[in-house]
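Heads up, the thing below is written out as structure tokens.
The values are calculated or read from the model by the stated rules, or taken from the named source; none is laboratory data. All values reported here derive from a predicted model rather than from experimental measurement. Every residue, glycine as well, gets a Cβ built from its backbone with ideal geometry; the counts of neighbours run over all protein chains shown.
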Amino acid sequence: MTFHSMWAELLPIGRNSASGGYRRYAWSGADADCRAWFRQQAEDRGLVHEVDRNGNQWAWLGDPAAGDAVVTGSHLDSVPDGGAFDGPLGVVSSFAALDELRGRGVRFTRPLALVNFGDEEGARFGLACVGSRLTAGQLSVEQAHRLTDGDGISLPQAMEAAGYDPEGIGADPERLARIGAFVELHVEQGRALDLSGDRVGIASAIWPHGRWRFDFRGEANHAGTTRLADRRDPMLSYAETVLAARREAELAGAVATFGKIAVEPNGVNAIPSLVRGWLDSRAADQDTLDTVVGGVEKAAREYAHAHGIDLDVVRESFTPVVEFDHALRDELARILGKDTELKVPVLGTGAGHDAGILSGSIPTAMLFVRNPTGVSHSPAEYAAEDDCVAGVRALADVLEGLACR
Ligand code: HGY
Ligand code: MN
Ligand code: MN
């Protein structure tokens, strides 16, 4: 199967016809269809398919127990109304790269595995990279049990409803011990490659990032009869806080986003009793991120106080800075530069990835494929097919260099 035909098969799964975006949430029907697709691709190639204790899917060529495996892949889930490329490009490219290597007639000297990590985006349970975090022991079983979706369904319940046994979730050091290197190919979520005129780049680092929940509690009341002076309206302090986040981020050269909000009672003619907003903030270094989030919280408390609002701020997740393994990164640069003598660009990113989570346990690296607009987490996300094919070739070269010595 070509890259093109695999891509075409995946495209309709979980696509919302009204928005044109993808709604492939963890353990949903669309997720099940993506997983069935992965399994079929593995079986069609004679790979051994397995689902690990945390619901991540693996397709093995060679003996996993032999150790020092080279692993490649990404994720198939999406953000709400996400694009087609964030995640799936890495998974489809991993199968296409294997096909390319078989076409080259190479002999593998290390086991190879292709992987689809579960729940990378955290769209349903609010925490990103659940599959890799659990595996790496960065999310405890107790914390995972406390994760619930917007309908109050817990992660274990959702797994069970999708036909998976949630009993065994948790750290999986034996699995990680089998892996010598993980390389994740991903669409670039910015325009660095477009600006430099390169099809493919290598990741250097991931900015530290996190999610904070701001609960502003006031008093529900009638929108028509309550005098302005008598209101305790949490929407006001929330709105001011959104502006403060923008200001703090600008001052620090960081980013801060309130992209999700829940309002109670959520009536047009009712002053809200609760406004819950989620802050996503990221910065090049920890001190800057602390400054931004500290500044937003301080401002929020002042606004809340001024309006008679109670405020709780809860850090829901946090991922420290990731510096990808230098030796592996240099190895990728050497492999990709060897025929052309061209320097492959090395880029940092503000986006989180399973490769970042696993970098604390095993050597990991990432390849980025050019995105001409830089748009991501949107139906407009795009990469040209020629660039995707160049990405497949680069991934195949890397896998050949690492696993066929
Ligand atoms: O939100 C992120 O950075 C990632 O795409 N999960
Ligand atoms: Mn994403
Ligand atoms: Mn992704």
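In this structure, is V296 in a strand (DSSP E or B), β-branched (V, I, T) and touching a helix residue (DSSP H, G or I) at 6+ places or on another chain (Cβ under 8 Å)? So V296 does not fit the description; no.
Conditions (1) of a type in the set (V, I, T); (2) in contact with a helix residue (DSSP H, G or I) (Cβ under 7 Å, 6 or more places away or on another chain); (3) within 16 Å of ligand 3 (Cβ to nearest atom), marked per residue:
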| site | (1), (2), (3) |
| --- | --- |
| E142 | no, no, no |
| R146 | no, no, no |
| M159 | no, yes, no |
| G163 | no, no, no |
| E167 | no, no, no |
| R178 | no, yes, no |
| A181 | no, yes, no |
| I202 | yes, yes, no |
| G210 | no, no, no |
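Scan the range 293-313 for residues that are farther than 11 Å from W212 by Cβ, out of contact with any strand residue (DSSP E or B) (no Cβ under 6 Å at 6 or more places or on another chain) and in contact (Cβ under 8 Å) with a residue 12 or more places away in the chain and jot them down. Passing the criteria: G295, A299, Y303, A306, H307, G308.
A single entry from A113, A144, A171 fulfils the requirement of being part of a loop (DSSP other than H, G, I, E, B) and farther than 26 Å from N371 by Cβ: A171.
Yes or no, residue by residue, for (1) within 29 Å of T109 (Cβ to Cβ); (2) within 16 Å of ligand 2 (Cβ to nearest atom); (3) within 19 Å of the chain's Cα centre (by Cα):
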position: L139; (1), (2), (3): no, no, yes
position: L155; (1), (2), (3): no, no, yes
position: G168; (1), (2), (3): no, no, no
position: D172; (1), (2), (3): yes, no, no
position: G197; (1), (2), (3): no, no, no
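One residue stands out in the range 369-403 among those that are in contact with a Lys or Arg (Cβ under 6 Å, 6 or more places away or on another chain) and farther than 12 Å from Q189 by Cα: the one that is surrounded by the most Cβ atoms within 10 Å (Cβ to Cβ), namely A403. Per the conditions (1) within 18 Å of H4 (Cα to Cα); (2) within 16 Å of ligand 2 (Cβ to nearest atom), the sole criterion not satisfied by G131 is (1). Filtering V71, V106, V51 for residues that are at pLDDT 95 or above, under 18 Å from G131 (Cα atoms) and surrounded by fewer than 23 Cβ atoms within 10 Å (Cβ to Cβ) leaves a single hit, V51.
In the range 337-368, the qualifying residues are those that are surrounded by 24 or more Cβ atoms within 10 Å (Cβ to Cβ) and of a type in the set (V, I, T), and the one that is nearest to ligand 3 (Cβ to nearest atom) is I357.
Take the range 34-51 and flag every residue that is in contact with a Leu (Cβ under 9 Å, 6 or more places away or on another chain) and of a type outside the set (K, R). Walk me through it before giving the result.
Here is the first cut: in the range 34-51, the residues in contact with a Leu (Cβ under 9 Å, 6 or more places away or on another chain) are 34-35, 37-38, 41-42, 45-48.
Within the range 34-51, C34, W37, F38, Q41, A42, G46, L47, V48 meet the criteria.
Regarding S140, is this residue among the hydroxyl-bearing types (S, T, Y) and touching a residue at least 40 places away in the same chain (Cβ under 8 Å)? Spelling it out, it is not the case that S140 is among the hydroxyl-bearing types (S, T, Y) and touching a residue at least 40 places away in the same chain (Cβ under 8 Å).
For first residues located in the range 352-368 and in the same structural domain as A128 (by TED's automatic domain parsing) and touching a residue at least 24 places away in the same chain (Cβ under 8 Å), partners that are crowded, with 24+ Cβ neighbours inside 10 Å and among the basic types (K, R) and lie 6+ apart or on another chain with Cβ distances below 9 Å form the pairs D354/R133; I357/R133. Out of all the residues in the range 78-92, is one or more among the charged types (D, E, K, R) and away from ligand 2 (no atom under 16 Å from the Cβ)? No, the conditions are met nowhere in the range 78-92. Scanning the range 377-399 for residues that are over 20 Å from R329 (Cβ atoms) and among the charged types (D, E, K, R) returns E381, E385, D386, D387. Determine whether the range 155-162 contains at least one residue that is crowded, with 17+ Cβ neighbours inside 10 Å, farther than 24 Å from T319 by Cα and charged (D, E, K, R). Checked against the condition, which is being crowded, with 17+ Cβ neighbours inside 10 Å, farther than 24 Å from T319 by Cα and charged (D, E, K, R), the range 155-162 yields no hits at all.
Find the residue count for the range 247-261, including only residues that are surrounded by fewer than 18 Cβ atoms within 10 Å (Cβ to Cβ) and either in the same structural domain as G122 (by TED's automatic domain parsing) or under 14 Å from T288 (Cα atoms) (or both).
First, the residues of the range 247-261 that are surrounded by fewer than 18 Cβ atoms within 10 Å (Cβ to Cβ): 247, 250-251, 253, 257, 259-261.
With the extra rule that they be either in the same structural domain as G122 (by TED's automatic domain parsing) or under 14 Å from T288 (Cα atoms) (or both), the set shrinks to 247, 250-251, 253.
Looking only at that region, the number is 4.
This table checks each residue for (1) more than 28 Å from G150 (Cα to Cα); (2) more than 16 Å from ligand 3 (Cβ to nearest atom); (3) assigned by TED's automatic domain parsing to the domain that holds G348; (4) in contact with a Leu (Cβ under 8 Å, 6 or more places away or on another chain).
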site	(1), (2), (3), (4)
T225	yes, yes, no, no
M235	no, yes, no, no
N269	no, yes, no, no
T288	yes, yes, no, no
A300	no, yes, no, yes
